[in-house]
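The block underneath contains the structure these notes are about, expressed in structure tokens.
Here, each number is a calculation from the coordinates, and none is a lab measurement. This structure is a prediction, so every number in the text was calculated from the model and none was measured. FYI the Cβ positions are ideal-geometry reconstructions off the backbone, even for glycines, and counts take in every protein chain you see.
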Amino acid sequence: MRFSARGGAGLAFAGLVVVLVGAFLPWLRSGSALRDSYQSVDVLRVQPAPPGGAAGVLLYAWLAVIPLCSVSVALYALGVRRTAAALACLVAVLVAVVSIAAMLNMGAASDPIGFSPIGPIVTLLGAAGAFLGGIVVLRRLQSGVQR
Amino acid sequence: MTYPGSGGQWQPEQPPYQPQQYGHGSWPTATQPPRRRSRRGLVIGIVIAIVVVAGGTAATVWALNRSTQAGSATPQAAVAKLAADVSAGDLLGVQSDLAPAETAAIKDIGADGSNQLKRLQIENPGYAPQTQAANGAGGLSASGLRFDAANAQTINDHLVINKLVGGTIRLSPKLDQNMFTQQFLRSAFPNGLPKTPSNTIDIADVIRRTGQPVRIATIKVNGGWYTSVFYTAADYALQSARLTWPATSLPATGQYTADNAVRSFAQALLNADYQAAIEATDPNEMAVLHDAGTALLNRLRKPTPTGITIDTITFTDKPVAGGVDAVLRSATLRKGGDTLSIQAQHACYAIADQNTGDQRTLCPSDFAGQMQSDLAGLPPDVTTALQHLTSGILTSGLGLVATETGGRWYVSPARSVGELLVAMVSGLQPDDIKALLGENH
């Protein structure tokens, strides 16, 4: 299946929307309480050993996900398509890395604290759509195909 | 993909303008005014961009403003949140319900202790302190917790004692095998892991036994209300001593450096001026001492000053979690006509009486010699382990932890005790654990 630039933009847009939906689904489980990604960041940054290095950077970069998604859509609406598509790809990579890291550290269901699978999985699916859509837009614009 | 423009149609294939072409020299010129349709599309694009960015900003602000670390609006809301979090077994929630300064102190001390356990090969290297705290309190749950809001006792504008009058709390701690190394588990539990019993506390039983509701203190910090472990403990201490919370708090007297804070605290203790000593403690972390200080001081008998004056004192400052550990390097103490000098020398302290010329050195080996005779019946490797335990203090150096609050430095008794315990444990070696667990016998 070959996507046009418009189809790619639609896929990227849908992917970014799914990313945002996923960000507000459960990411962290503590007892029977569930927290979305922003509440999880809020909790993780005040832990005795808050994630350092690249993980620490990603933790704070997460706070920029919604602004970056909205800037990407805004740029597309203004016609700055290459930058919009590149930004969508960047956001997709960022959220994919965090989602995969969360899934790899899921822990056992019997643990009192652990990651919840639903938020990371939905976000990862959204990231895949946003990345593919962004790539399609970039490729089509590069080859001069608009539709 | 569509968006509703004035015509109600999304027209991505007819963008308001085509910046991807501008790079190829097709910028519009004064003689080539943009088409009317493009201008309308541009306006629509700008409006959409503004709406999307504004929406994104608002969503981000909303997402971040739901912080669970900001405290509750009222004392009643604080204890209700605590009850809900305990009922849900939400340990992260419980952690955010506690006063931030207390949580920070407990976490920092716990993190230091965790590092030592890893060094001693008791705790697995990859085990995170937050998981440890969670598992240490794992199995905590509750149901039907009720507070008597009408009879909450307002002590002052930042301290309210809440009355827990009903419900049950269930504790079923479990030993987390992921936390400990297999080697340690084999040594500590040669017959397999023990089953930890669960315990259910019925608040009604507690009230029948003690004659009063369970008292839980909430304090106001930066506009938010939190449950306080330190204030709850102090409240029970005052109750058992038949004292009431004083109407006034002791002020905080900070210093411009960590070393000066430790010096003034030490001098206050030598002078038996406990009020000055309390005033030299951190007003955030030890706020409870400042608030309960007057009642505690009134309870004490008139203390006798030692008469010792600190003439000079120097420290080696070691950064530790949350503050600075001011470790004694040298000091000159005077009492009457006598002058005593203390000087750190590697892992020892040289003590000299400048009047008589007497000198002695206090080293870990002195402890070893003393313990050798005191613990004559113990196996040699156990004696060695105990010697390591005590010599750790001297090897790390004698110090007090100072913390900075509002640009001034204060002494933190809780962190100092924690650092002392860590210093003791730091002298132990992995083989000592085996000896203490009796693996070699």
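Details
- Gain upon complete extension [B:Thr390, B:Arg360; 0.36 nm per residue less C-alpha separation]: 8.9 nm
- Proximal lysines relative to B:Lys318, as straight alpha-carbon distance under 28 Å, when same-chain residues fewer than 8 apart are discounted: B:Lys107, B:Lys118
- Helix A:65-77 vs. chain A, principal-axis angle (Cα, 0 to 90°, nearest 10): 10
- Sites matching trypsin sites (Lys or Arg not before Pro) across the range B:300-357 that sit in DSSP coil, with at most 13 neighbouring C-beta atoms within 10 Å: B:Arg301
- Electrostatic tally near B:Val324: other residues with Cβ closer than 11 Å to its Cβ, Lys and Arg +1, Asp and Glu -1, net -3.
- Once backbone amide H atoms are built at 1.01 Å from N, B:Val165 has B:Arg146, B:Phe147, B:Asp148 as its partners under 5 Å, excluding neighbours fewer than 5 places away on the same chain.
- Out of every Cα-Cα pair that the protein assembly as shown contains, those further apart than 34 angstrom amount to 59 percent.
- Per-residue Karplus couplings for the range B:39-53, computed as 6.51 cos²θ - 1.76 cosθ + 1.60 with θ equal to phi - 60°, are listed in order as 5, 5, x, 4, 4, 4, x, 5, 4, 4, 4, 5, 4, 5, 5 Hz, Gly and Pro entered as x.
- Protection proxy ranking of A:56-64, B:87-95, by the mean of other Cβ atoms within 10 Å over each peptide's residues and highest first, is B:87-95, A:56-64.
- Neighbouring partner chain Cβ atoms per residue of B:95-105, average, 10 Å criterion: 1
- Under the criterion of Cα pairs below 8 Å and six or more residues apart, the relative contact order for the range B:289-378 equals 15 percent.
- Helix axis angle, A:5-23 relative to chain A longest principal axis, alpha carbon, degrees: 10
- The angle separating the long axis of helix A:118-143 from the principal Cα axis of greatest extent in chain A is about 20 degrees.
- Burial order of peptide ranges B:192-202, B:257-267 (average beta-carbon count within 10 Å, highest first): B:257-267, B:192-202
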